[in-house]
Every structure is written in structure tokens, then in C-alpha cells.
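First comes the structure, then the notes that go with it.
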Amino acid sequence: MTLPTPLSDAPLVSDWIAFDDALVEVRTGRVELGQGNLTAIAQIAAEELDVPLAMIRIVSGDTTRTPNEGFTSGSLSVHQGGMAVRHAASAARHLAIAEAAKLLQCGSERLALTEGRILRDGAPTSLDLWSMAASIDLSVAVAQWSDPKRPDQRALVGKPLARIDLPERITGTPFVHDLSPDNLLHGRPVHPPSVGARLLDLDLDALRTRPGVVAATRDGSFVGVVADSEYAAIRAALWATNHATWSDEPSAPADPVAAIAGSQESDEVVHEAGTLEGHEGQSSYEVTVSRPYLSHASIGPSAAVAQWQDGRLSLFTQSQGVYPLRDALAMVFGMPGERIDVRHWPGAGCYGHNGADDAALDAALMARAVEGRPVKVVWSRADEFRYAPLGPAMTTRASAFLDETGRIAGMSVAVNSAPHGNRPGRNGAPNLRAAACLEKPFPFPRSKDVPLSSGGGADRNAVPGYAIANLRASKRIVHDLPYRTSSLRSLGAFTNVYAIETLMDAIARDRDVDPVSFRLNHLEDPRAVAVIEGAVAEAGEPFGREREDGTGWGLGYARYKNRAAYCAVVVRVEVDEAVRVTDVFAALDAGEIINPDGMTNQTEGGIVQSISWTLKEALTLEDGRVTTENWSDYPILTFSEVPAIQVRLIDRKDEPPLGCAEAAQGPTAAAIGNAVRDAIGVPVNHLPLTRDALIAAISE
């Protein structure tokens, strides 16, 4: 039996499970970012321990209590974290039965566990999990005791149970932004205007005399203001911003996307099969697509609360990775990580590496100036747009040639992209904005990107998921631009799937072949076939039918990371003054379904976000700066623009659960691009698909 990866670093049952206060405490390093993963993990534990969901208490993302599972990212919460809990909870159940058999002096086959109580031959006994807690030794290896239930034995898993965090959200339990411990002070950073700018002059003495200011701290080019109220901190930081003198900023190309496309930095072949040589004269096709720099665009900005006390640092943060953040902070402060306690606290969904970790370091640097008192930092909306890591701009060129039967004989995918893999601690550096500003700085290192073996970064889903004999996928990471980038939901998959799937449609259209059958003829995986057929059936078999002028239908398909969930999406669009997506039909196969409601919600959320990226979103840049400041500068999809969405789930109870949260990003974008081409007759290859982009495409 192969155990989930997290059990390598946390191998004991006691790392994951405890019996306390008539509840089962489940400890997980995964954190809730709005995706409902903790509900799924609680369902898994309740299933294996035969207790009601209400008896599960989840403790998550706490360096003082939970296992180190790295980042909650990559659609791995259930696939890895949930399966680790399944094995740990199963082991705990078998340990409890074995202990009860010893105490009752009977065979374990006569015992059962129901709602935490031990039954013998179906009758109650005096024993339960909590009366035996002191005698059950959970400090044993999960591998020795784990024997999870068979699929046909499961009763809770697969049910659409309500999210366990809903009561807290409905009753207004504080987000990290709302925390208000005793003696709280408020901090605001004074951000450099660009990544490379250095502070030349600022009158700190004058800053300290501003109303309400308790402390003003400077370390190199980092400046933080601590005040007795949020208003005073904001006003003082604004004063400092207006009175600071900064060094000249780095030069930047007028069109950074074009600069990425034309980069001459070295590239790397990440996948090769067969050969693309010697096929001259055969029918060939090519598309080149691009996306701009994007914001994570969390509805709430980044925030954190920090406090220094007796040489220890305590933090509440909405970070995706409390342990990697702890290690990054240990680097910055030159202290053992064991003296830093980092606890996740709910905030806005982040969709990748946004400003949450930066806000945590900001708070820690300012709290150091007022030891013993907690300091809360809440970034402004402008801070979030301008100073958080950006979603990388990309260009992807996909080309293919056909054999004499009209089948694709070879395909090449070449990706040029700004870096994706710059999370805290990656590439041997903190990768935190303030850390790069200090007197003894920790510069941002040259990114190595995420390797394809780990799911890929710029090259995620750059290897086509079709049965094509001759393939080559390459990536070129473009470093020489003055913008800080990192992981955004689905990483390179969004753009790469858009390129591959619009190429598939271009070939089908040119060959006068139905886009559905053309894809199916290039697939050998029955699960891939099933999601395409499912999405098309859900949409009512729209391809090849008569359609109204200005409307179009499109299809997109991918298996996320080429090893996670399968997803196919069909969309209908109307094109008039702008593109409007009216209907979306999706089919998803993510293996075993833990919570169908949660899986549907995640798929719908990915679809909505992908529509917004595809039609609207783009940061504005000027002279090396991000100039986007507010939602007026960065339009996102509004509630009135959300289409009707139908999701068909394909449950495979005997298959392992696969990551699903990011599976719809690429297929949705590709389906929209193909539907727009169906409506206007020409491809639109450069995102977002705004009115100007459509006019430019038609003009070509």
C-alpha cells in the first residue's frame, strides 16, 4: 500500500488525530481559503472513525499543532491531505478497537465503533473513544494500523453535507482583518513605488510627530508606521508616501507582453516524444496566444496580526503556507523557526501567492518596534493591486502538422512566460517584498520555475493531452522585466490550454470536421472521452446546429496537470458591443467524490473566474510600475454577468480523488475563445477578449 506523501513527514497517528472533550480533533496542515476543503477532510475523518460530522473538530494551519504540509495549493488538499487523514483516522479506529478488545477481553471481530462508542455484538458497552483516550497509544506509525474502508462501506463520503465553516461565516466570526486583541496597534507600510526603487530620503522625526503615531521604523528602504488607530496609521503612511524620495526606477518595455514573446533568454525542452523533423510539405497549423499580467484580485486585501514577546514572534495570517512562511521569516530575522508561531486565520480567498505573506512580514517588522503589543496590518486596495505578486504574463505558440488521413501527426508547444514559482522559501530566499528592501536585503532570486514533475509552472498543461505520436513542449522563463510575479491559480495551464484547444478548433474548422469528433478521434483515455461527451450532452448537442447571428458555441478540454481532474466545458456566447457568456455546461471527473456540493461549487467558481480573466482582466503598467489602483481600473465579472452554469459530475468511487479546484480554468477560457470565433468568424488570440481585441482581430 502506497501512503500519501504527507505521511512521510508526519508518520504517527498522533500527528493527525486526538480524542478530546467528547470530540475527535483532526489536525491538518491544509487551510481553508474558501474552497470547502476542510469540510471534505472532516467528512473523510468522520467516515473512517464512524462518528457524526459534528463530532469532528478541525485544527488547521498552525505551526504549534498541525503537520507541515507545505502550501495549500495545486488542488492537492483532498488528493494528498485528505488521503493522509483517511489513513490516520482509519489507523486510529483500529487502535481504538484493539484497545477495547483488550479491556473487554474479547475478540476485536465482535466490536464495532458507532458515534464514538464501542459496541459488543451490537450492544452498548461502557467504553468510548474518550474514556479510553489515556490508554490508546496514538504515537504509532499510521502505516502499521491503517486499513481504510472499502468504497461500498462508506456512508458519509459522497454526500453533499453542509460546509462546517458556514455558521462562522454567517454569524460574522472575525476574519484576520477584524481581529482585535488587547492593546492592539495598527500598522501601515510605506511601499517603494516599484520593485527596484530604493529610499533616498524621508524625515522620520517628522513622521513620528504625525497625529496618533506610536512608532515609525525604517530598515533600509522599508518604512512602517505604527499608530493607535487605523485611521491615524493610514494618514501617516500617506504623508510618508508623499514626502519620501526614491531612487530612479528600472526601465521597462512599453509592451511587456511583446517583450516576453520576443525574449532571447534560453529555453528548455520539458517533454519530447518522437520527432518533429522531416515532415515538410504536410498540412500545418499554428496559433500564438497571449495573456497580460493579472492580479489575484481577492475581494479583501491582505492582512496579518503580529506580536513579539520574550524573543518569540506570533502571527495570525491568511497565508497559504504557515510553515514555509515561518521558515521565510526565520531567514529574515536570523532566528530559529521554532521561536516563530504562525497560525492561519481566515481571510479572503487568495487564488495563489498574493500579498498575504508580505503583509505578515510587514506586521512582524513593525511589531518589533513596539515589543509586547500586537500590530495589525491591513493593506489597501491599491496596495494589493500594485505591490502583491502579479500573475505572470505569457505567450504560447502551438503548432501542428497532419498526416495524409487528416490526423494530427505532431504538435509543438512553446511557452514564453514570466516566472510562476516564487512563493516564500522557494529558490533559497524568503521571496517577501519587505525582505528585499532591508538594509541587509534578501533579493528576489532568479526563479527556477516549478518543474513539470511537480505539475509544472509556465509549462503546466503545455504537453497536449491527446494521442499524438510526435510531441515537443518547451518553456522560456523571462526574468529581465521589473515586475514581481508568482503563482496564480492554474499557473500556465490557463494560457496553454487556451492555445492547444483553439488550435484544435482551428484545424477542425479548416478540415470541416465537427470539433467534438475531431477531439474524440485523438483521445485514447475513456475518462477524457466521457467528460467531453458529458459536457456536450449537457449542452444539448449544440455543434453543427443552426445558430442565431452573433452567437457561437465553443468547446474546451484538458486534464489538469495531465494527471489530476478531467474537465470539459461547452459555452454559448453572444457577441454584440462586447462578448457575453450566456450558458456554460461542464463535465468533471475528479475520481472519488468526497462532497459533490463542494466539488460543484469549486468547478463553478473556477468557471466564473476564468470567464472574468478571459473577457476582462488586465493590469495596467507604466515605467516599471503597476498603475492599477482600484476596481474601476481592474474590472472583473459582475453578478449580473454570471451565466447559467450546469456541472455534471462523474463519480468514480473506486478511483482516488483528484484535485479539481483549478481544472476548469483552461477549458473554460478555450471554450470561450472557440465560441467567439464561431460567432465572428475569426480567432481572437490575445486576452482579454475585450471590444478592442475583437476589433483588432477582425481588422487583421
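The values are calculated or read from the model by the stated rules, or taken from the named source; none is laboratory data. Treat the numbers as computed from the prediction; the structure is a model and nothing was measured. Note that each Cβ is placed from the backbone with ideal geometry, even for glycine, and that neighbours are counted across all protein chains shown.
Residue by residue through region 402-418, note down the ones that are under 19 Å from LEU491 (Cα atoms) and touching a helix residue (DSSP H, G or I) at 6+ places or on another chain (Cβ under 9 Å).
Applying the first criterion (under 19 Å from LEU491 (Cα atoms)) to region 402-418 yields 413-418.
VAL413, VAL415, ASN416, SER417, ALA418 - these are the residues of region 402-418 that are under 19 Å from LEU491 (Cα atoms) and touching a helix residue (DSSP H, G or I) at 6+ places or on another chain (Cβ under 9 Å).
Only one entry of VAL287, VAL226 meets the criterion of being more than 26 Å from PHE385 (Cα to Cα) and in contact with a Leu (Cβ under 7 Å, 6 or more places away or on another chain), and that entry is VAL287.
Reported count of residues in region 324-334, each being within 23 Å of PRO181 (Cα to Cα) and surrounded by fewer than 21 Cβ atoms within 10 Å (Cβ to Cβ), is 0. Any residue that is touching a Leu at 6+ places or on another chain (Cβ under 6 Å), part of a loop (DSSP other than H, G, I, E, B) and either of a type outside the set (A, V, I, L, M, F, W, C) or surrounded by 23 or more Cβ atoms within 10 Å (Cβ to Cβ) (or both) - is there at least one of those in region 424-439? Yes; the residues of region 424-439 include at least one that is touching a Leu at 6+ places or on another chain (Cβ under 6 Å), part of a loop (DSSP other than H, G, I, E, B) and either of a type outside the set (A, V, I, L, M, F, W, C) or surrounded by 23 or more Cβ atoms within 10 Å (Cβ to Cβ) (or both).
Quick one: which of ALA618, ALA696 is surrounded by fewer than 23 Cβ atoms within 10 Å (Cβ to Cβ) and in a loop (DSSP other than H, G, I, E, B)? When all the criteria are applied, what remains is ALA618. Scanning region 389-403 for residues that are surrounded by fewer than 24 Cβ atoms within 10 Å (Cβ to Cβ) and more than 18 Å from ARG460 (Cα to Cα) yields PHE401, LEU402, ASP403. Annotation note: of SER319, SER283, SER295, the sole residue that is under 23 Å from GLU32 (Cβ atoms), in contact (Cβ under 8 Å) with a residue 12 or more places away in the chain, of a type in the set (Ser, Thr, Tyr) and touching a Phe, Trp or Tyr at 6+ places or on another chain (Cβ under 8 Å) is SER295.
Rundown of residues vs (1) touching a Leu at 6+ places or on another chain (Cβ under 6 Å); (2) modelled with pLDDT of 95 or more; (3) closer than 23 Å to HIS353 by Cβ, yes/no style:
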site	(1), (2), (3)
GLY29	no, yes, yes
GLU32	yes, no, yes
GLU48	no, yes, no
ILE56	no, yes, no
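Close contacts from region 155-179, counting a first residue that is in the same structural domain as GLY355 (by TED's automatic domain parsing) and a second that is acidic (Asp, Glu), with Cβ to Cβ under 6 Å and a gap of 6+ residues or different chains, come to none at all.
On the stretch given as region 236-265, residues that are outside any helix (DSSP H, G or I), surrounded by 15 or more Cβ atoms within 10 Å (Cβ to Cβ) and not charged (D, E, K, R) total 6. The numbered conditions (1) touching a strand residue (DSSP E or B) at 6+ places or on another chain (Cβ under 9 Å); (2) buried (at least 20 other Cβ atoms within 10 Å of the Cβ); (3) of a type in the set (A, V, I, L, M, F, W, C) are all true for LEU12 except (2).
Listed by first and then second residue, the pairs linking a residue in region 262-275 that is farther than 12 Å from LYS475 by Cα to a residue that is small (Gly, Ala, Ser) and surrounded by fewer than 14 Cβ atoms within 10 Å (Cβ to Cβ), with Cβ atoms under 7 Å apart and 6 or more places separating them unless they lie on different chains, are GLY274/ALA469. Within region 482-509, if we keep just the residues that are within 27 Å of GLY321 (Cα to Cα) and aliphatic (A, V, I, L, M), the residue that is surrounded by the fewest Cβ atoms within 10 Å (Cβ to Cβ) turns out to be LEU488. Just one of the listed residues (ASN601, ASN630, ASN674) is farther than 20 Å from ARG563 by Cα, in a loop (DSSP other than H, G, I, E, B) and touching a residue at least 60 places away in the same chain (Cβ under 8 Å), namely ASN630. In this structure, GLN80 does not satisfy being part of a helix (DSSP H, G or I), under 30 Å from ALA348 (Cα atoms), touching a Leu at 6+ places or on another chain (Cβ under 9 Å) and of a type in the set (S, T, N, Q).
What strands (runs of 3 or more DSSP E), lying completely within region 273-334, carry at least 3 residues that are more than 15 Å from ALA367 (Cβ to Cβ)?
On the way: elements: 284-291, 303-309, 312-317.
Output list reads 284-291.
Output the qualifying pairs, or none if there are none: Cβ atoms under 8 angstrom, residues six or more apart or on different chains, first residue in region 520-539 and closer than 21 Å to ILE507 by Cα and without any contact (Cβ under 8 Å) to a residue 12 or more places away in the chain, second residue in a helix (DSSP H, G or I) and not charged (D, E, K, R). What qualifies is VAL529/LEU520.
Take the conditions touching a residue at least 40 places away in the same chain (Cβ under 8 Å), within 30 Å of ALA227 (Cβ to Cβ) and touching a strand residue (DSSP E or B) at 6+ places or on another chain (Cβ under 8 Å) and apply them to VAL190. Does it pass? So that I can check it myself, show each step before the final result.
Details: touching a residue at least 40 places away in the same chain (Cβ under 8 Å): yes; within 30 Å of ALA227 (Cβ to Cβ): yes; touching a strand residue (DSSP E or B) at 6+ places or on another chain (Cβ under 8 Å): yes.
It is true that VAL190 is touching a residue at least 40 places away in the same chain (Cβ under 8 Å), within 30 Å of ALA227 (Cβ to Cβ) and touching a strand residue (DSSP E or B) at 6+ places or on another chain (Cβ under 8 Å).
Just one residue in the set ALA10, ALA18, ALA22 is touching a Phe, Trp or Tyr at 6+ places or on another chain (Cβ under 6 Å), touching a residue at least 12 places away in the same chain (Cβ under 8 Å) and more than 22 Å from ILE593 (Cα to Cα); that residue is ALA22.
Cβ separations smaller than 7 Å between residues 6+ apart or across chains give the following pairs from region 559-587 residues that are at pLDDT 95 or above to residues that are surrounded by fewer than 18 Cβ atoms within 10 Å (Cβ to Cβ) and among the polar types (S, T, N, Q): ARG572/THR551; ARG572/THR582; VAL573/THR551; VAL573/THR582; GLU574/THR551; GLU574/THR582; PHE585/GLN646.
Does LEU315 satisfy being within 27 Å of the chain's Cα centre (by Cα) and hydrophobic (A, V, I, L, M, F, W, C)? Yes; evaluated as a whole, the condition is true for this residue. Filtered by the rule that a residue be surrounded by fewer than 21 Cβ atoms within 10 Å (Cβ to Cβ), part of a strand (DSSP E or B) and among the aliphatic types (A, V, I, L, M), region 183-213 gives LEU199, LEU200, VAL213. Report yes if some residue within region 640-651 is touching an Asp or Glu at 6+ places or on another chain (Cβ under 8 Å), in the same structural domain as ALA530 (by TED's automatic domain parsing), polar (S, T, N, Q) and in contact (Cβ under 8 Å) with a residue 60 or more places away in the chain; otherwise report no. Within region 640-651 (the criterion being touching an Asp or Glu at 6+ places or on another chain (Cβ under 8 Å), in the same structural domain as ALA530 (by TED's automatic domain parsing), polar (S, T, N, Q) and in contact (Cβ under 8 Å) with a residue 60 or more places away in the chain), the answer is yes, since at least one residue qualifies. Of GLY337, GLY349, GLY321, GLY355, all but one fail to be outside the structural domain of TRP613 (by TED's automatic domain parsing), modelled with pLDDT under 95 and either surrounded by fewer than 20 Cβ atoms within 10 Å (Cβ to Cβ) or at negative phi (or both); the exception is GLY349.
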